[in-house]
Amino acid sequence: MDKTYMTPFTRALLTSVFTGIVATVLCLIYNIAYRDSSGFALSDFINVSSLIFAVNLIFLLIGVVYSGFLRLSKLGEILFIALLLVLTVIFSFLAGGVHRSDVPVLNTEFHHLLLPMIVAMGLLAALGIPFLYRNKAFQDAVI
């Protein structure tokens, strides 16, 4: 790609999209492995299609937010990391209260499916995006 068109916004966006693709693949692998090992069959909310579209859209929005934090101040990156880690903890806590089914076993299995995905996406967003954004080798090879 022609580096003359590369701005901090496009770098942040492309980095978050790449990180989102990695998160999507990890979530898909976990989804398949968990469903195979547990026999959990409910797939109305978490399925291949929803993971592919939702995770990538979430990371696209996170990239826009990350770019905004970078413009905010020199501490923008630290604030972004702190915010994403706090949101990861909050969403992880809220995931435990999701009522998916009237059958308690299915609720527990759904929580076991949802929680690791939230944690993985949160950590990749909070730590992966800033790391890759600052990584010169990543910029040269991928972006």
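Below are the figures for this structure:
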| quantity | calculated |
| --- | --- |
| Selected from ALA23, ALA41, ALA12 as most flexible by GNM, with the chain as the system and alpha-carbon contacts under 10 Å | ALA41 |
| Fewest-first sequence of ARG11, ARG100 by Cβ atoms within 10 Å of each Cβ | ARG100, ARG11 |
| Inter-label distance for VAL105 and GLN139, nm, one decimal - labels placed 7 Å from Cα along Cα-to-Cβ | 5.4 nm |
| Proxy reagent accessibility, fewest Cβ within 10 Å first, across TYR34, TYR133 | TYR34, TYR133 |
| For the chain, size of Cβ-based charge dipole, Lys and Arg +1, Asp and Glu -1, in debye | 540 debye |
| Using a Förster distance of 35 Å, the FRET efficiency for LEU94-TYR5 (Cβ separation, nearest 0.05) | 0.30 |
| Charge dipole (the chain, unit charges on Cβ, about Cα centre) - positive-most of GLY76, PHE45, VAL25 | GLY76 |
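Every read-out reported here was derived from the displayed coordinates using simple, explicitly stated rules and does not represent laboratory data. If you're wondering where the values come from, they're calculated on a predicted model, not measured in any experiment. Note: ideal-geometry Cβ built from the backbone for every residue, glycine included; neighbour counts use all protein chains shown.
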